[in-house]
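*Asks:* I have a structure I would like to understand better, so I am pasting it below and will then ask my questions one at a time.
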Amino acid sequence: MTIQDFGVSYDELEPFFDKAEKVFGTSGSAWSIKGQVVGKDKGGNPFAPDRSDNFPLPAQKRTYSAQLFAQAAESVGYHPYDLPSAKTSGPYTNPYGAQMGPCNFCGFCSGYACYMYSKASPNVNILPALRQEPKFELRNNAYVLRVNLSDDKKRATGVTYVDGQGREQVQPADLVILSAFQFHNVHLMPLSGIGKPYNPITNEGNFGRNFPYQNLSTLKALFDKNTTTNPFIGAGGAGVGIDDFNADKFDHGPHGFVGGSPFWVNQAGPKPISGLPVPAGTPNWGSQWKAAVADTYTHHLSMDAHGAH
Ligand code: SF4
């Protein structure tokens, strides 16, 4: 990894964040809008930068686990805030006319599609509008093998893909957008003869350079039986976080690293097996594991930290 400042500023990006939030039907609590503080004691994040507009929807409700986290954070002087969430706290129609239903905290959120049309996703927020365009065509089951280039290798001329019947097809194009996520994008570029692979010794080349990865650490807390968190209720983005240890919001001097992390409690609905915490020493399977799950399931919460490098 190399270290350098971002090439664009927050002020340059903010209008696009604002637009994206309106397309996605984002729920949240702003701290300040055009210099005016609006989120004090209303779930705003005092470390958040100024915004040009509020979130299109108010923050989602706080689950009991998120309330516990907020109380604990506040009691030691931190600054809990409503996590912005790309899930709808109420009915919403986005600027493209795509409609979203209110999230009902069904608990099958993280890792699942949403049957309520409440979770931001291209099929919910963008495709309904694109389908109205006479020139738009969506081809399912098309697996792109490479981007085709002009003879001088300077322009994309289309793509070659395998269709659902296993036939190779060529689609000419004036414009090709690599939007296959970072792994497939980086895979497609050398397959297509685009760019030069990054060499970490000579620091030359462009793709594969500064490859970032999402670090997520999860802590599980088990409570006594008189604290019931109902983890079967939940929504993927809803929750409470703190930014007191995020980015440059604290003095890194004695610590020897840059960056930091938000911490949050987000009750997304535990996944089968991996989402079921048990006390240390419990076997990984069998009747003792089942008994421990039954004992702890409704009395736990999950807290995450999210780093960058
Ligand atoms: S919790 Fe997630 S999957 Fe369930 S209704 Fe809400 S957004 Fe949809």
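*Asks:* Among the trypsin sites (Lys or Arg not before Pro) within segment 6-90, which fall in a DSSP loop and have no more than 12 other Cβ atoms within 10 Å of their own Cβ?
*Replies:* Those satisfying the criteria are 34, 40.
*Asks:* Students sometimes get this wrong: rank 258, 38 by accessible area, probe 1.4 Å, all chains present, largest first.
*Replies:* 258, 38
*Asks:* For 53, 41, give me the order by solvent-accessible area with a 1.4 Å probe, most accessible first, ignoring ligands, DNA and RNA.
*Replies:* These residues rank, largest area first, as 41, 53.
*Asks:* What distance in nm lies between label points placed 7 Å from Cα along the C-beta direction at residue 199 and residue 4?
*Replies:* 1.8
*Asks:* Using a 1.4 angstrom probe on the protein heavy atoms only, line up 300, 187, 252 by accessible area, largest first.
*Replies:* Descending order: 187, 252, 300.
*Asks:* Can you give the extra length, in nm with one decimal, that the chain gains between residue 232 and residue 149 once fully stretched, where that is 0.36 nm per residue apart less the Cα-Cα distance?
*Replies:* 24.8 nm
*Asks:* How long is the gain from residue 50 to residue 280 if the chain were fully straight, where each residue apart is worth 0.36 nm and the alpha carbon distance is subtracted?
*Replies:* Gain on extension, residue 50 to residue 280, equals 78.4 nm.
*Asks:* May I ask you to give the solvent-accessible area per residue for the chain, in square angstrom, as obtained with a 1.4 angstrom probe?
*Replies:* That works out to 63 Å² per residue.
*Asks:* Same structure again: How many angstrom lie between the Cα centre of segment 238-305 and the Cα centre of segment 44-110?
*Replies:* 19
*Asks:* Taking the chain as a Gaussian network, where each spring joins two C-alpha atoms under 10 Å apart, which residue of 70, 86, 280 fluctuates the most?
*Replies:* For the chain, modelled as a Gaussian network with Cα springs under 10 Å, the answer is 280.
*Asks:* Can I ask one more? At 0.36 nm per residue, and after removing the present C-alpha to C-alpha distance, how many nm does the segment from residue 160 to residue 42 gain when stretched out fully?
*Replies:* Taking 0.36 nm per residue and subtracting the Cα distance, the gain is 37.3 nm.
*Asks:* Considering the chain as a Gaussian network with a 10 Å cut-off on Cα pairs, which listed residue, 266, 45, 141, attains the greatest mean-square fluctuation?
*Replies:* Of 266, 45, 141, the Gaussian network model singles out 141 as fluctuating most.
*Asks:* If you find the alpha carbon centre of segment 130-160 and of segment 2-32, how far apart are they in angstrom?
*Replies:* Centre-to-centre distance over Cα atoms comes out at 29 Å.
*Asks:* Among the listed pairs 42/119; 87/196; 34/135; 87/153; 34/196; 61/271, which are separated by more than 32 Å between their Cα atoms?
*Replies:* Correct reply: 87/196; 34/135; 87/153; 34/196.
*Asks:* Round to the nearest 10 and report in Å² the accessible area of residue 85, as given by a 1.4 Å probe over the protein chains' heavy atoms.
*Replies:* Accessible surface of residue 85 is approximately 0 Å².
*Asks:* Quick check: pseudo-label points 7 Å beyond the Cα along Cα→Cβ at residue 20 and residue 137, how many nm apart are they?
*Replies:* 3.1
*Asks:* Still on this structure: To the nearest 10 square angstrom, what accessible area does residue 143 show with a 1.4 Å probe?
*Replies:* 130
*Asks:* Just for the Cα atoms in the chain, what are the lengths along the principal axes, largest first, rounded to whole Å?
*Replies:* Sorted from largest, the Cα extents of the chain read 70, 49, 48 Å.
*Asks:* Dipole size in debye (nearest 20) for segment 78-186 around its Cα centre, Lys and Arg Cβ +1, Asp and Glu Cβ -1?
*Replies:* 40
*Asks:* Just read off the accessible area of residue 119 with the full protein assembly in place, 1.4 Å probe, to the nearest 10 Å².
*Replies:* Taking all protein chains as shown, residue 119 has close to 40 Å².
*Asks:* Using a simple charge model, +1 on the beta-carbon of Lys and Arg, -1 on the beta-carbon of Asp and Glu, nothing else, what dipole does segment 27-80 show about its Cα centre, in debye to the nearest 20?
*Replies:* The calculation lands at about 100 debye.
*Asks:* Please get the size of the charge dipole for segment 134-244, origin at its Cα centre, with Cβ charges of +1 on Lys and Arg and -1 on Asp and Glu, quoted in debye to the nearest 20.
*Replies:* 200
*Asks:* Still on this model: When only DSSP loop residues count, what chymotrypsin sites (Phe, Trp or Tyr not before Pro) in segment 174-213 have their Cβ near at most 13 other Cβ atoms within 10 Å?
*Replies:* 213
*Asks:* What does a probe at residue 211 reach in segment 1-27, counting residues whose amide N is under 14 Å from the point 7 Å along Cα→Cβ?
*Replies:* 1-2
The values are calculated or read from the model by the stated rules, or taken from the named source; none is laboratory data. All values reported here derive from a predicted model rather than from experimental measurement. Glycine also receives a Cβ, built like all others from the backbone with ideal geometry; neighbour counts cover every protein chain displayed. Side chains included, ligands, DNA and RNA excluded: accessible areas come from the protein's heavy atoms. Shrake-Rupley method; radii C 1.70, N 1.55, O 1.52, S 1.80 Å.
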